[in-house]
Amino acid sequence: MRPNKRDELVQKALQVFYRDGFHATGMDKLVVETGVSKTSMYKHFRTKEELILAALRLRDESFREDFLRRIREMSDSPAGRILASFDVLSDWFQEKEYRGCMFIKAGAEFQESDHPIHKQSAEHKQIMLDYFTDLARQAGARDPEHLACQILLLQEGAIVTAVFLKSCDPARDAKAAAQVLLDAALV
């Protein structure tokens, strides 16, 4: 399989894992869904775990690239970017294929903190926390680490709520709470 075919396999596997979950998706199902023979799949990924890790790396890269680009397009100021992140989330929640956060799912399915899949999911969340800590610092927050934790908590809660409660507007409500936190942190 050429490198671009490998990338295509990872992309297709990512879609299946996102839609159906990790434990519920066996290699036989991936063979059918991706159109790649089992021999070719095992040539590049000795285990399903290796394929999951590759899919998570791709999701991390593509999600952050898109998420952060859209935030930058919406605002030039650090505080404005923190708030804009909730608008980006709102757009994501409206997508037909929205099924929550792949990293939350992975962490729930692989709960042992030393498991490589759990670690990779936690790393994604840490990168996001670091990003918001940096924005909070640039905005002049008295305690940027604490504010970033609060912002991330609001985002994660909104992500989960958007999966379960269609009668709520979690991104809007989380953004309103974030504004209160920002106002308190920046005085």
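The values are calculated or read from the model by the stated rules, or taken from the named source; none is laboratory data. Just so we're clear, the structure is a prediction, and the values are computed from it rather than from any experiment. Every residue, glycine among them, receives a Cβ derived from its backbone with ideal geometry; neighbour counts consider all protein chains shown. Just so you know, the surface numbers come from the protein's heavy atoms only, side chains and all, with ligands and any DNA or RNA stripped out. Shrake-Rupley method; radii C 1.70, N 1.55, O 1.52, S 1.80 Å.
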Any idea which residue in the range 135-145 is farthest from Phe86 (Cα to Cα), counting only those that are open to solvent by less than 70 Å² (accessible area, probe 1.4 Å) and under 22 Å from the mean Cα position of the chain (by Cα)? Pro144
I want to confirm something. Restricting to the range 90-113 and keeping residues that are closer than 24 Å to Asp169 by Cα and polar (S, T, N, Q), which single residue is surrounded by the most Cβ atoms within 10 Å (Cβ to Cβ)? Ser90
Is there a residue being more than 16 Å from Gln155 (Cβ to Cβ), part of a helix (DSSP H, G or I) and open to solvent by less than 30 Å² (accessible area, probe 1.4 Å) anywhere in the range 39-47? yes
Any chance the range 27-37 includes a residue that's touching a residue at least 24 places away in the same chain (Cβ under 8 Å), at negative phi and open to solvent by 30 Å² or more (accessible area, probe 1.4 Å)? no
Restricted to the range 59-76, and to residues that are over 19 Å from Met102 (Cβ atoms) and open to solvent by 50 Å² or more (accessible area, probe 1.4 Å), which residue is nearest to the chain's Cα centre (by Cα)? Arg72
Consider Ala54 against the criteria (1) modelled with pLDDT of 95 or more; (2) open to solvent by 30 Å² or more (accessible area, probe 1.4 Å): it satisfies all of them except one. Which criterion is unmet? (2)
What is the number of the single condition among (1) under 26 Å from His23 (Cβ atoms); (2) modelled with pLDDT under 95 that Cys168 does not meet? (1)
Given the options Ala174, Ala148, name the one that is in contact (Cβ under 8 Å) with a residue 40 or more places away in the chain and buried (at least 17 other Cβ atoms within 10 Å of the Cβ). Ala174
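Just the residues that are assigned to a helix (DSSP H, G or I) and open to solvent by 80 Å² or more (accessible area, probe 1.4 Å), please, taken from the range 9-26. Write out each step before concluding.
Kept after step one, since they are assigned to a helix (DSSP H, G or I), are these residues of the range 9-26: 9-20.
If the condition is that a residue be assigned to a helix (DSSP H, G or I) and open to solvent by 80 Å² or more (accessible area, probe 1.4 Å), then Gln15, Arg19 are the ones that fit.
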